[in-house]
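The values are calculated or read from the model by the stated rules, or taken from the named source; none is laboratory data. Since we're looking at a predicted model, the values are computed, not measured. In this analysis, Cβ positions are derived from the backbone assuming ideal geometry, glycine residues included, and neighbour counts consider all displayed protein chains.
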Amino acid sequence: MSETLLLYDYWRSTAAYRVRIALNLKGLDYEQRSVHLVRDGGEQHQSVYAALNPQQLVPTLLHGERVLTQSLAIIEYLDEVFPGPPLLPTEPLRRAQSRTLAQVIACDLHPLNNLRVLQYLQQQLGVDDEQKTAWYQHWVEQGLSTVEALLTRYGRAAQFCDGEQPSMADCCLAAQIYNARRFDCAWQCYPLIKQIIMSCDRHPAFQRAAPENQADAT
């Protein structure tokens, strides 16, 4: 398929970060359109964007006339439409394990420290900055502990979550660790995670996707 890929993006969005990494790993050319999640109450709530993505979240990926939302669904779509290099293992068990790692991060860990959750804690429940950070650190560290245990169970001791090449699981882990660093979470105490993140930090696809390297970074 030769249609244009257009990513509705925000530089500090963890979910959009995952998709940027995946696009870069695939070596795909794509356009980016910033949706500022804080300015003017959040541009994701404006009617034009809400019509595109009813959840009023980023990312949204347009592939020609096709509209895709939810980062993991987008990554799997990219893997099916643009097969090489693969972002999931071919063997069914390892494929399921990779999805497990990705979903622990994207479905269980990340939603509890998403921007809209943190905003609700502060604006509706009156939580102060110290309490917000404690909430963030608790859930991130609990989630990373699970990821480390799964990596150990699966016998992972390679550069990346699924071996010597980065996968969908690494897209999720690297994006989450970026936020763990921001909030001073204790992530370096997990040796397998630390080893994987060192590999990700050296990889050009991850470097290009990093929040500070995006045009809308402020």
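Just one of the listed residues (LEU150, LEU173, LEU192, LEU144) is touching a Cys at 6+ places or on another chain (Cβ under 7 Å) and modelled with pLDDT of 95 or more, namely LEU173. Please determine whether any residue of segment 71-90 is out of contact with any helix residue (DSSP H, G or I) (no Cβ under 9 Å at 6 or more places or on another chain), on the phi > 0 side of the Ramachandran plot and either buried (at least 18 other Cβ atoms within 10 Å of the Cβ) or outside the structural domain of GLU141 (by TED's automatic domain parsing) (or both). Within segment 71-90, none of the residues are out of contact with any helix residue (DSSP H, G or I) (no Cβ under 9 Å at 6 or more places or on another chain), on the phi > 0 side of the Ramachandran plot and either buried (at least 18 other Cβ atoms within 10 Å of the Cβ) or outside the structural domain of GLU141 (by TED's automatic domain parsing) (or both).
All conditions but one from (1) surrounded by 16 or more Cβ atoms within 10 Å (Cβ to Cβ); (2) over 17 Å from ASP216 (Cα atoms) apply to GLU3; the one that does not is (1).
I need a count of the residues in segment 91-114 that are buried (at least 17 other Cβ atoms within 10 Å of the Cβ) and among the hydrophobic types (A, V, I, L, M, F, W, C). Number satisfying all stated conditions: 6.
Return a yes/no flag: does segment 31-45 have any residue that is free of Cβ contacts under 8 Å to residues at least 40 places away in the same chain and either touching a helix residue (DSSP H, G or I) at 6+ places or on another chain (Cβ under 7 Å) or farther than 25 Å from ASN179 by Cα (or both). Checked segment 31-45: at least one residue is free of Cβ contacts under 8 Å to residues at least 40 places away in the same chain and either touching a helix residue (DSSP H, G or I) at 6+ places or on another chain (Cβ under 7 Å) or farther than 25 Å from ASN179 by Cα (or both).
Flag set for LEU144, criterion: among the hydrophobic types (A, V, I, L, M, F, W, C), within 19 Å of THR100 (Cβ to Cβ) and either surrounded by 18 or more Cβ atoms within 10 Å (Cβ to Cβ) or within 16 Å of the chain's Cα centre (by Cα) (or both).
Of all the listed residues (VAL19, VAL67, VAL58), the sole one being closer than 19 Å to VAL117 by Cβ, of a type in the set (A, V, I, L, M) and either assigned by TED's automatic domain parsing to the domain that holds ALA174 or in contact (Cβ under 8 Å) with a residue 12 or more places away in the chain (or both) is VAL58. Here is a check on your reading of the model: is ARG20 in a loop (DSSP other than H, G, I, E, B) and of a type in the set (Lys, Arg)? Taking the combined requirement at face value, the residue does not satisfy it. The residues of segment 170-189 that are crowded, with 20+ Cβ neighbours inside 10 Å and not in a helix (DSSP H, G or I), listed by number, are CYS185, TRP187.
When ASP162, ASP129, ASP184 are checked against the criterion of being among the charged types (D, E, K, R), at pLDDT below 95 and at positive phi, ASP184 stands alone in meeting it. None of GLN207, GLN122, GLN188 is free of Cβ contacts under 8 Å to residues at least 12 places away in the same chain and under 18 Å from LEU23 (Cβ atoms) except GLN207. With respect to the conditions (1) touching a residue at least 24 places away in the same chain (Cβ under 8 Å); (2) under 26 Å from GLN137 (Cβ atoms), GLN97 falls short on a single one, namely (2).
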